[in-house]
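A.B. asks: Structure incoming, see below.
The values are calculated or read from the model by the stated rules, or taken from the named source; none is laboratory data. Bear in mind the structure is a predicted one, so any value in this text is a computation, not a measurement. Heads up, the Cβs are rebuilt from the backbone with ideal geometry, glycines too, and the neighbour counts pull from every protein chain shown. Protein only, heavy atoms only, side chains kept; ligands, DNA and RNA dropped before computing areas. Shrake-Rupley method; radii C 1.70, N 1.55, O 1.52, S 1.80 Å.
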Amino acid sequence: MGLVDRGRLPKPLTKLFNLGRSYSLWVYQWGLACCAIEMGAAFGSPRYDVMRLGVIPLPASPRQADLVVISGTVTDKMAPSIKRLYEQMPDPKYVISMGSCANCGGPYWDSYSVTKGVDQIIPVDVYVPGCPPRPEALLEGIVLLQERIRNEDMAAKWRGEHHDGVVERRGEPIVVNG
Amino acid sequence: MSTVVDRQQLAYIAAQAADARLNVELETEGMTLNIGPQHPATHGTLRIVARLDGEQVVWAEPSAGYMHRGYEKLTEVRTFPQVTTLVNRIDWLGSFANEVPFILAAEKLMEIEAPPRAQWIRTVLFELSRIANVTLFLGDMAVQLGAITPVFYAFRDREHVLNQIEAATGGRFHPNFDRIGGLKEDLPKGWVDETKAVMRKMRNFCDEMETLIVGNEIFAARTRGIGVIPRDVAMQYGLSGANARASGIDWDLRRDQTLPMAWDKIEWKVWTHPDGDSYARYWVRLQEVREATKMVDQLLDGIPSGAIMAKVPRIIKVPEGEAWVSTENPLGEMGYYVVSKGDTGPFRVKIRSASFNNISIASWVLRGTYVPDVITILASLYFILGDIDR
Amino acid sequence: MNPLSSTGETPAAAVAELVHDTRREGLIDQFRSALGDKLVDTHLKPGDDLWLRVRTDAWRETGHAARDLGFDYFGFLSAIDWMPSPYGKGEDDPTEPPPERSTEVKQGYAGGATRFQVFARLHSIATGVGITLKVDVPEPLELESWVPVYAGANWHERETWEMYGITFTGHPDLRHIYLPGDFEGFPLRKDFPLLARMVKPWPGIVDVEPIPAEFDTDGEAEAAPATDEASAT
């Protein structure tokens, strides 16, 4: 839409779009390791149901997803696949890094084959710490992300502001407490 | 090798001939299909490269290593308690079960034994982690065959077991509860009765799965006769756990070796199946979960009172030596070969993980199968990537 | 199909009632008669476990002998590097001179003469007894492959090659299994450092920030002049 990239979208409309976007996130679950099970419990189990937040965990492919939750250890062998997956997602896209392994390498910080944090490869919006984080913590991460989306400036995002060389920066990332 | 293997060989040769014929007729090459490394059906980051002729697999090779975290190197720079924390995360569904053989090996080198109460509680938690692990398998294999409902039941009922593990140890999984010489803490009040109630729920779950899945004719059609692994091939590859028992090998490490745990003090059965196909593997695991719930009930009735921890020094230095301990983990035989040089940390730990051997048979068993059967067979072999890749 | 329930008697458990020492000592004799002087050394822990070390050129023969003696279950195969790590745990204080570390290569049970040893674990399901077989691997690091004996050794040998650099002659397909194709070095060797531990000093040992004077009740920072305090943090 020409109005969006020229920054001429009226505020109430931006608010409406942002509201709509934040409550219709399609999550691609990039479940790698133990955190994938907690993510599965958060997404698939009736107890920590994520669909009540408006987040649907069932896109058929990354090309149809808005949000990716990287849960589990990222190894150097796996890193190119993650980059390719991220590039397959259409804009606007968000990344949640779940668990200490994806945040910073976690308990394998000194390993020869682990990438110390997925933010070395793709930009991250929300970090959810824990080993593994409880499903409630992941849900809080998603809620915080939704809050951020609601307050987003669509024009700046469309223009791709905050591009910083190879890795884009999207403002300060959020760290979830607990 | 037995005649069943010859049948597989013939199927393979026939597939190759079909490939050649196709090439001559249509001047095409077989297609190379890449399943993974990110794929909902691969339990994690396993990549299978398959060469196809139409819908039939001519050659398949699993490519592991996407979750290789370098455990054996990391254990060399950590102390024994630190290694316990790390080792939880190998088989990340049944985490307590990973700690136990390592702790037992360290205790063997130190020549101490945990007090009886600790041994019984260890066994209870071990069986609970088996139930938590295999429950997910029961739902997961179904969802990979296309039946979506059972996995929700599995996650829901698994929550009850995880609640109990969390109440006792503080962690839903990765409890890090075992210590050299005993356990970290005693059980909370009321835990025993709650766990018995949970075991009743799990038995209902098993009955549900039996009617929903095992009795389902679609499931039977898709799994009977698929991925047959004969007994001698299974032994050569070192298949263990339910995979081995489903091929008719009557072997269960809980019964066939004496360890300072409480399995020899209760009555229970080992389930085997002679077929060796995917149906057998699912069926054996279902019976094992049911058996495990009964075992937990018996164990809970018999926990002796007493101390939780033996007398060990604050800073533990394990004397020089080598020890091998393996246990019947939910995935199969998991063992640790611990080499110690009298230091606070091990010198070398070789982690023998069940799924590594279980998956090494994939290239043999996947020859000549159809693509949907590839998923069925892998689902029935049940591996966890952390266990393969360590 | 009628599934089998467990057998009424358990063969391995019945065996456990016999004295294990005689069983394992009998095994040593059987191996000795199969291998002769190629069985170099043994170590027996009565009632517990058995270690056997064989000559380097007899490794595959040992595999065949073990399989003929009833050890048809393949446990695992791997290697040990007996050299102590020159880096310790990577927790050294960088301000101190590097500590004295022993460089003595001392092998474990059943002895040995080389830095690298390959060991394998086999099991006999019928009798419930397992053995550990060890073999020295001198330079150049080459050993016969066990793939013709146990098909499952394929992946284990690949992993051992990848981690230690020991080449298995006769292996159909010796390539990387865990590491990316362009990985340099053999990680499980003791002289392969964990760089993350080398790069930063271990936090518990090195005081990165000196104690500011206003919080210093012991008077440790007294000697530091005022200008240092301003540039300290």
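A.B. asks: Using a 10 Å cut-off on Cβ to Cβ distances, tally the other chain neighbours for every residue of C:32-42 and report the average as a whole number.
C.D. replies: Numbers: counts 0, 0, 0, 0, 0, 0, 0, 0, 0, 0, 0.
Across the residues of C:32-42, the mean count of other-chain Cβ atoms within 10 Å is 0.
A.B. asks: Another one. Toward the positive end of the charge dipole of the protein assembly as shown, about the Cα centre and with charges on Cβ (Lys, Arg +1; Asp, Glu -1), which of B:236, A:62, B:384 goes farthest?
C.D. replies: Result: A:62.
A.B. asks: Something else: Eight or more residues apart or on different chains, and alpha-carbon atoms under 25 Å: count the Lys pairs in segment C:12-193 matching that.
C.D. replies: 9
A.B. asks: Using only the Cα atoms of segment B:91-200, construct the convex hull and provide its projected area averaged over every direction, in square nanometres to one decimal.
C.D. replies: Details: hull surface 28.3 nm².
Its Cα hull, projected and averaged over all orientations, spans 7.1 nm².
A.B. asks: For segment B:168-304, what are the per-bin percents of Cα-Cα distances with bins 10 Å wide, up to the bin holding the maximum?
C.D. replies: Whole-percent P(r) values from 0 Å outward: 11, 30, 34, 20, 5.
A.B. asks: Based on the alpha-carbon set only, what is the convex hull volume of segment C:12-193 divided per residue, in Å³?
C.D. replies: On the way: hull volume 26.0 nm³, N = 182.
Convex hull of Cα atoms, per residue: 143 Å³.
A.B. asks: For every other residue with a beta carbon closer than 12 angstrom to the beta carbon of residue C:181, add +1 if it is Lys or Arg and -1 if Asp or Glu, then tell me the sum.
C.D. replies: Details: positive: A:77, C:175; negative: A:76, C:162, C:182, C:184.
So the surrounding residues net to -2.
A.B. asks: Using a simple spin-label model with points 7 Å from Cα along the Cα→Cβ vector, what separation in nm is obtained for residue B:204 and residue C:199?
C.D. replies: 5.3 nm
A.B. asks: Further question on the same structure: Aspartates and glutamates near residue A:15 by alpha-carbon distance under 19 Å, same-chain residues fewer than 8 away left out - which ones?
C.D. replies: Within reach: A:5, A:66, A:91, A:147, A:152, A:153.
A.B. asks: Restricting to bridges with both residues inside segment C:12-193, how much of the DSSP beta-bridge set is antiparallel, in percent to the nearest 5? Don't jump to the answer; show the numbers that get you there.
C.D. replies: On the way: 23 of 30 bridges.
Taking every DSSP beta bridge with both residues in segment C:12-193, the antiparallel ones total about 75 percent.
A.B. asks: Still on this model: Give me the Kirkwood hydrodynamic radius of segment B:55-98, using the inverse of the mean 1/r over all pairs of distinct Cα atoms, in Å to one decimal. All intermediate terms of the calculation are to be shown ahead of the outcome.
C.D. replies: Values: mean 1/r = 0.0781 Å⁻¹.
Evaluated over segment B:55-98, this radius sits at 12.8 Å.
A.B. asks: Rounded to the nearest 20 Debye, what is the dipole magnitude of segment C:35-128 about its Cα centre when Lys and Arg each give +1 and Asp and Glu each give -1 at the C-beta?
C.D. replies: On the way: 11 positive and 15 negative charges, 85 e Å.
Its charge dipole is roughly 420 debye.
A.B. asks: Return the long-range amide H neighbours of residue B:334 (sequence gap of 5 or more, or a different chain), with a cut-off of under 5 Å between placed amide H atoms.
C.D. replies: B:327, B:329
A.B. asks: Take every DSSP beta bridge whose two residues both sit in the protein assembly as shown, then give the antiparallel share in percent to the nearest 5. All intermediate terms of the calculation are to be shown ahead of the outcome.
C.D. replies: On the way: 56 of 79 bridges.
Around 70 percent antiparallel, to the nearest 5.
A.B. asks: About its Cα centre, how strong a charge dipole does segment B:238-390 have in debye, to the nearest 20, once Lys and Arg get +1 and Asp and Glu get -1 at the Cβ? Could you put the intermediate results ahead of the total?
C.D. replies: Working: 18 positive and 19 negative charges, 103 e Å.
Taking the Cα centre of segment B:238-390 as origin, the dipole is about 500 debye.
A.B. asks: Across segment B:71-358, how many lysine pairs, 8 or more positions apart or on different chains, have C-alpha atoms separated by under 15 Å? Please give the number.
C.D. replies: Summing the qualifying lysine pairs gives 11.
A.B. asks: Rounded to the nearest 500, what is chain B's calculated 222 nm mean residue ellipticity when only DSSP H runs of at least 4 contribute -39500 (n - 2.57) each, over all residues?
C.D. replies: Working: 16 runs with 198 residues, N = 390.
Helix-only estimate at 222 nm: -16000 deg cm²/dmol.
A.B. asks: May I pose another question? When the solvent-accessible surface of protein heavy atoms is calculated with a 1.4 angstrom probe, in what order do B:111, A:140 fall, highest first? Could you put the intermediate results ahead of the total?
C.D. replies: Numbers: B:111 155, A:140 80 Å².
Result, largest first: B:111, A:140.
A.B. asks: Where does segment B:100-140 land on Rg(C-alpha)/(2.2 N^0.38 Å)? Spell out each step's value before the answer.
C.D. replies: Values: Rg = 13.4 Å, N = 41, 2.2 N^0.38 = 9.0 Å.
Here the answer is 1.49, to two decimals.
A.B. asks: A further question on this structure: Out of segment B:237-308, which GluC sites (Glu not before Pro) are coil in DSSP terms and have no more than 12 other C-beta atoms within 10 Å? Could you put the intermediate results ahead of the total?
C.D. replies: Working: sites: B:267, B:288, B:291; in loops: B:267.
Hits after loop and neighbour filter: B:267.
A.B. asks: Now for a different question. Leaving ligands, DNA and RNA out of it, rank C:28, A:142 by accessible area with a 1.4 Å probe, largest first.
C.D. replies: C:28, A:142
A.B. asks: Further question: Leaving ligands, DNA and RNA out of it, work out the accessible area of residue C:31 with a 1.4 Å probe and give it in Å² to the nearest 10.
C.D. replies: Accessible surface of residue C:31 is approximately 0 Å².
A.B. asks: Tally Lys/Arg at +1 and Asp/Glu at -1 over every other residue whose Cβ is under 9 Å from the Cβ of residue B:252; what's the total? Please list the in-between numbers first.
C.D. replies: Numbers: positive: B:245, B:254, B:255; negative: B:250, B:256, B:328.
The answer is 0.
A.B. asks: Quick one: compute a quarter of the convex hull surface over the Cα atoms of the protein assembly as shown and quote it in nm². Can you show the working numbers first?
C.D. replies: Working: hull surface 163.1 nm².
Approximately 40.8 nm², given one-decimal rounding.
A.B. asks: Report the per residue volume, in Å³, of the convex hull enclosing the C-alpha atoms of segment B:71-358.
C.D. replies: Numbers: hull volume 34.0 nm³, N = 288.
About 118 Å³ per residue, rounded to a whole number.
A.B. asks: Still on this structure, I have one more. Based on Cβ point charges of +1 for Lys and Arg and -1 for Asp and Glu, what charge dipole magnitude is obtained for the protein assembly as shown about its Cα centre, in debye rounded to the nearest 20?
C.D. replies: In debye, rounded to 20, the protein assembly as shown gives about 1740.
A.B. asks: Can you tell which of C:170, C:140, B:116 lies farthest toward the positive end of the dipole of the protein assembly as shown, using +1 and -1 charges on the Cβ of basic and acidic side chains (Lys, Arg; Asp, Glu)?
C.D. replies: B:116
A.B. asks: Can you give the FRET efficiency for residue C:105 and residue A:16, using 1/(1 + (r/R0)^6), R0 = 60 Å, r = Cβ-Cβ distance, to the nearest 0.05?
C.D. replies: Values: r = 72 Å, r/R0 = 1.21.
After rounding, the FRET efficiency stands at 0.25.
A.B. asks: Still on this model: For residue C:40, what charge total do you get from the other residues with a beta carbon under 10 Å from its beta carbon, if Lys and Arg give +1 and Asp and Glu give -1? Mind showing how you got there, number by number?
C.D. replies: Values: positive: C:38, C:53, C:55, C:134; negative: C:37, C:41, C:136.
Value of the local net charge: +1.
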